[in-house]
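J.: First the structure, then my questions, so here it is.
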Amino acid sequence: MAGVRVNVNVGVLGHIDSGKTALARALSTTASTAAFDKQPQSRERGITLDLGFSCFSVPLPARLRSALPTSYPAAPETGPESGEPQLQVTLVDCPGHASLIRTIIGGAQIIDLMMLVIDVTKGMQTQSAECLVIGQIACQKLIVVLNKTDLLAEGKKQAAIDKMTKKMQKTLENTKFRGAPVIPVAAKPGGPEAPETEAPQGISELIEVVKKVKSMQMFHMPVTSAMQGDRLGICVTQFDPKLLERGLVCAPESLHTVHAAIISVEKIPYFRGPLQTKAKFHITVGHETVMGRLMFFSPAPDNFDHEPVLNTFDFSQEYLFQEQYLCKDLEPGATGSDQATEKAGQATEGLCPRQQWALVEFEKPVTCPRLCLVIGSRLDADIHTNMCRLAFHGVLLHGLEDKNYTESLLPKLRVYKLKHKHGFVERVIDDYSVIGRSLFKKETNIQLFVGLKVHLSTGELGVIDSSFGQSGKFKINIPGGLGPESKKILTPSLKKRSRASKGETAKQEEGAERQEPAQHVSLSLSFKRYVFDTHKHMVQSP
């Protein structure tokens, strides 16, 4: 076990000016070339503009030593890690400004644990809340750091810390981070202008909780190997770094460039407003954020209760088109649930599916691995309003790599709309035929519907036989014949029909004055139409 180095990435997130960079500086023993706002633009503006990386090491806890595989990479041959096994903590310092949410989301996707930094004098702020939402999506562990405790009045300091600790514990109560540790610190006592001789407070307690490659270094120390999650510096000969802003190093064939994707979707409950089909969102995939248009769909209604499948997508199944994502709070009896369900194009009595998906069509291609995290946001929202801009998250299940995917791949996606039409029986021709109306518009090509089954409210099953006249009426054949009750209801029309001349034309029949049935007999026509079927066929269940 000697010489083993285990790396863990800890994200430092929080509202702007909460002291994240000062905390990273106080914790770190080694800085990378991108640490502590070294970029000229960051120093000029006084805020973090990009991800910063630094690290510190502590002895590897005993509980982690026994869990390590024998093939785990060794630590560098020089430095403090060369003897006792070490836990190297890489700090990923994220920006806190609302306009840099893309960078914050990108940083959150490479962390194992998150430190949410809170200004103890201000408590939870807008970006604090957004960072907490990102943490719930991207990582499993959280530490809350109450920073700037040196600004509290000495006589009331502990009471203020206890009060804020309780507030944060209550905030976390309904999240997966319930019970997370809350640690008070003063990363830079006296503020930014204070002399460096002022020692940070509470840091030891916090540490207890948490082309041809010429050479490789990890925080200025030579290494011969690295693995996913390590912060690695690579010296590449004959390469202009200005040609690459941010990229991905990967095994061949592990990344794919896609023009669209099928993703699982889960709405973030703090996002206000619906997730609607055809709406555009900012889609973050890995470190890239592009605009994408969405189409939501769910299992067929009979499969709403099926166990969610998290890492595959089955093209052989049929899926129900949704006008919008169906929220779990849209249950029978809830306000607006009936309208939302009706808008979704389905008759499910307000039930909500356990799993939902979306087809995302990107405005420009993205390069990403399968099963990567996807986050949808509305980054065009006013950053000064107190609202969550993160709308949903999910997993990329299937990428569509063909540029012509609309013709080559989408027809395989069996998403359908349920269509329902309603009309009335106008009159009876004979025991096996009736004339219907109000099911179609005058200009509808009824020939497309010939052969489809319709249900009469009196219980009979009919089949559309042909159009009748020029005003959208149609003839229905009833293979089993009208029942006695139906004849009784339609008696006035039968009597009028018996007095008509047998040679009367269909047009004359249509225009002749006639009595209405004693009661209205309604007609219902239901069918599926597949969204990506180029022929727009109408399909009914056998």
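The values are calculated or read from the model by the stated rules, or taken from the named source; none is laboratory data. Since this is a predicted model, take the numbers as computed values, not measurements. In this analysis, Cβ positions are derived from the backbone assuming ideal geometry, glycine residues included, and neighbour counts consider all displayed protein chains.
J.: Would you check which residues across segment 178-211 are of a type outside the set (Gly, Ala, Ser) and not in a loop (DSSP other than H, G, I, E, B) and list them?
T.: Those that are of a type outside the set (Gly, Ala, Ser) and not in a loop (DSSP other than H, G, I, E, B): VAL182, ILE183, PRO184, GLN201, ILE203, GLU205, LEU206, ILE207, GLU208, VAL209.
J.: Same structure again: Residues THR171, THR175: which one is closer than 27 Å to TYR270 by Cα, hydroxyl-bearing (Ser, Thr, Tyr) and not in a helix (DSSP H, G or I)?
T.: Sole residue among the options that is closer than 27 Å to TYR270 by Cα, hydroxyl-bearing (Ser, Thr, Tyr) and not in a helix (DSSP H, G or I): THR175.
J.: What number of residues within segment 264-319 satisfy the criterion of being at negative phi and in a loop (DSSP other than H, G, I, E, B)?
T.: Number satisfying all stated conditions: 26.
J.: Can you pull out every residue in segment 466-485 that is in a strand (DSSP E or B) and surrounded by fewer than 18 Cβ atoms within 10 Å (Cβ to Cβ)?
T.: SER466, ASN477
J.: Restrict the check to segment 127-144 and report whether at least one residue is over 24 Å from the mean Cα position of the chain (by Cα), surrounded by 18 or more Cβ atoms within 10 Å (Cβ to Cβ), aliphatic (A, V, I, L, M) and in the same structural domain as GLY190 (by TED's automatic domain parsing).
T.: yes
J.: Only one of LEU320, LEU326 is among the hydrophobic types (A, V, I, L, M, F, W, C), at pLDDT 95 or above, within 20 Å of LEU418 (Cα to Cα) and not assigned by TED's automatic domain parsing to the domain that holds VAL133. Can you tell me which?
T.: After applying the criteria, what remains is LEU320.
J.: Ok, one more. Testing ASN174 on (1) closer than 20 Å to LYS20 by Cα; (2) under 31 Å from the mean Cα position of the chain (by Cα); (3) not aliphatic (A, V, I, L, M), one condition comes back false. Which one is that?
T.: Exception for ASN174: condition (1).
J.: Here's another thing I want to ask about it. Given the conditions (1) closer than 15 Å to MET295 by Cα; (2) buried (at least 24 other Cβ atoms within 10 Å of the Cβ), report the number of the one that HIS393 does not fulfil.
T.: For HIS393, the failing item is (2).
J.: Ok, one more. Taking the criterion of being outside any strand (DSSP E or B), out of contact with any Phe, Trp or Tyr (no Cβ under 8 Å at 6 or more places or on another chain), more than 30 Å from GLN136 (Cα to Cα) and not assigned by TED's automatic domain parsing to the domain that holds LYS364, would at least one residue in segment 400-411 satisfy it?
T.: Within segment 400-411, none of the residues are outside any strand (DSSP E or B), out of contact with any Phe, Trp or Tyr (no Cβ under 8 Å at 6 or more places or on another chain), more than 30 Å from GLN136 (Cα to Cα) and not assigned by TED's automatic domain parsing to the domain that holds LYS364.
J.: Considering only segment 99-124, state which residues are polar (S, T, N, Q) and within 23 Å of THR289 (Cβ to Cβ).
T.: Residues satisfying the conditions are SER99, THR103, GLN109.
J.: Would segment 146-159 turn up any residue that is outside the structural domain of THR289 (by TED's automatic domain parsing), in a loop (DSSP other than H, G, I, E, B), of a type in the set (A, V, I, L, M) and surrounded by 17 or more Cβ atoms within 10 Å (Cβ to Cβ)? Let's see the steps before the verdict.
T.: The first filter runs over segment 146-159 and keeps only residues outside the structural domain of THR289 (by TED's automatic domain parsing), leaving 146-159.
Narrowing further to those that are in a loop (DSSP other than H, G, I, E, B): 148, 152-153.
So of that shortlist, the ones also of a type in the set (A, V, I, L, M) come out as 152-153.
Keeping just the survivors that are surrounded by 17 or more Cβ atoms within 10 Å (Cβ to Cβ) gives 152.
Yes; the residues of segment 146-159 include at least one that is outside the structural domain of THR289 (by TED's automatic domain parsing), in a loop (DSSP other than H, G, I, E, B), of a type in the set (A, V, I, L, M) and surrounded by 17 or more Cβ atoms within 10 Å (Cβ to Cβ).
J.: Right, something else. Within the group GLY233, GLY229, GLY286, GLY292, which residue is modelled with pLDDT under 65, under 29 Å from GLY135 (Cβ atoms) and touching a strand residue (DSSP E or B) at 6+ places or on another chain (Cβ under 7 Å)?
T.: Exactly one residue qualifies, and that residue is GLY229.
J.: Still on this structure, I have one more. Scanning segment 173-201 for residues that are surrounded by fewer than 18 Cβ atoms within 10 Å (Cβ to Cβ) and within 19 Å of GLY14 (Cβ to Cβ), which turns out modelled with the lowest pLDDT? Spell out the reasoning first.
T.: Filtering segment 173-201 down to residues surrounded by fewer than 18 Cβ atoms within 10 Å (Cβ to Cβ) leaves 173-176, 178-179, 181, 190-199, 201.
After this cut, where a residue has to be within 19 Å of GLY14 (Cβ to Cβ) as well, the list is 175-176, 181, 191-192, 201.
On the way: THR175: 91, LYS176: 92, PRO181: 93, GLY191: 77, PRO192: 72, GLN201: 89.
Applying the filter and picking the extreme gives PRO192.
J.: Just name the residue that is nearest to the chain's Cα centre (by Cα) out of those in segment 109-126 that are closer than 24 Å to ASP382 by Cβ and surrounded by fewer than 23 Cβ atoms within 10 Å (Cβ to Cβ).
T.: Filtering first and then ranking leaves THR126.
J.: Looking only at residues in segment 351-371 that are out of contact with any Asp or Glu (no Cβ under 9 Å at 6 or more places or on another chain) and at pLDDT below 90, which one is farthest from LEU326 (Cα to Cα)?
T.: By that ranking, first place goes to PRO369.
J.: So how many residues does segment 442-461 have that are surrounded by fewer than 14 Cβ atoms within 10 Å (Cβ to Cβ) and not in a loop (DSSP other than H, G, I, E, B)?
T.: Within segment 442-461, residues that are surrounded by fewer than 14 Cβ atoms within 10 Å (Cβ to Cβ) and not in a loop (DSSP other than H, G, I, E, B) number 3.
J.: In addition: Among (1) small (Gly, Ala, Ser); (2) at pLDDT 85 or above; (3) within 15 Å of ALA24 (Cβ to Cβ), where does GLY96 come up short?
T.: Tallying (1) small (Gly, Ala, Ser); (2) at pLDDT 85 or above; (3) within 15 Å of ALA24 (Cβ to Cβ), GLY96 fails exactly one: (2).
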